């Protein structure tokens, strides 16, 4: 396995693990503060938006590259 492949794989694996941990932190914060349904939804929307952006970027990049027939 090449170094670049390993780095790419580990970035997604370790950042994915960090995202799961951040999900747990947000959930625990909502639970300990007794935020309720609306408060929990707002916490996940506000604090979890960066998680969505990290997941959406490769998907959007793939769609654009496929549409423009870019091979990278």
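Taken together, the values in this text are just the output of simple stated rules run on the coordinates, not laboratory data. Just so it is clear, the structure is predicted and the values come from calculations on it, not from any experiment. A quick note on method: Cβ atoms are made from the backbone with ideal geometry, for glycine too, and the neighbour counts reach across all protein chains shown.
Between residue 4 and residue 57, what is 0.36 nm times their sequence separation minus the Cα-Cα distance? Round to one decimal in nm.
Details: separation 53, 0.36 × 53 = 19.08 nm, distance 1.94 nm.
Contour length minus Cα-Cα distance gives 17.1 nm.
Based solely on its DSSP helices, what 222 nm [θ] is calculated for the chain when runs of n ≥ 4 H residues each add -39,500 (n - 2.57) and the sum is averaged over all residues, nearest 500 deg cm²/dmol? Could the numbers behind the result be given before it?
On the way: 3 runs with 62 residues, N = 72.
Counting only the DSSP helices, I get -30000 deg cm²/dmol.
Give me the angle, in degrees from 0 to 90, between the Cα long axis of helix 3-32 and the longest principal axis of the Cα atoms of the chain, rounded to the nearest 10.
With both axes taken from Cα atoms, the answer is about 10 degrees.
In whole angstrom, note down how far apart the Cα centers of segment 12-34 and segment 38-72 are.
Here the answer is 17 Å between Cα centres.
Using only Cα atoms, tell me the angle between helix 36-47 and the longest principal axis of the chain; keep it within 0 to 90° and round to the nearest 10.
30 degrees
Note the angle between two axes, namely the Cα long axis of helix 49-68 and the longest principal axis of the Cα atoms of the chain, as a number of degrees from 0 to 90, rounded to the nearest 10.
In the chain, helix 49-68 runs at an angle near 30 degrees to the longest axis.
Of 42, 70, how do they rank once you tally other Cβ atoms within 10 Å and put the fewest first? Numbers along the way, then the final one.
Working: 42 13, 70 9.
Least to most surrounded, the residues fall as 70, 42.
Along Cα→Cβ, 7 Å out, is where each label goes; now give me the distance between the ones at residue 15 and residue 27 in nm to one decimal.
2.3 nm
Please say if segment 3-68 is rounded, prolate or oblate, where rounded means a/c under 1.5 for a ≥ b ≥ c the square roots of the C-alpha gyration tensor eigenvalues, and otherwise the choice is prolate for a/b larger than b/c and oblate otherwise? Before the final figure, lay out the partial values.
Values: a/c = 6.03, a/b = 1.80, b/c = 3.36.
Oblate.
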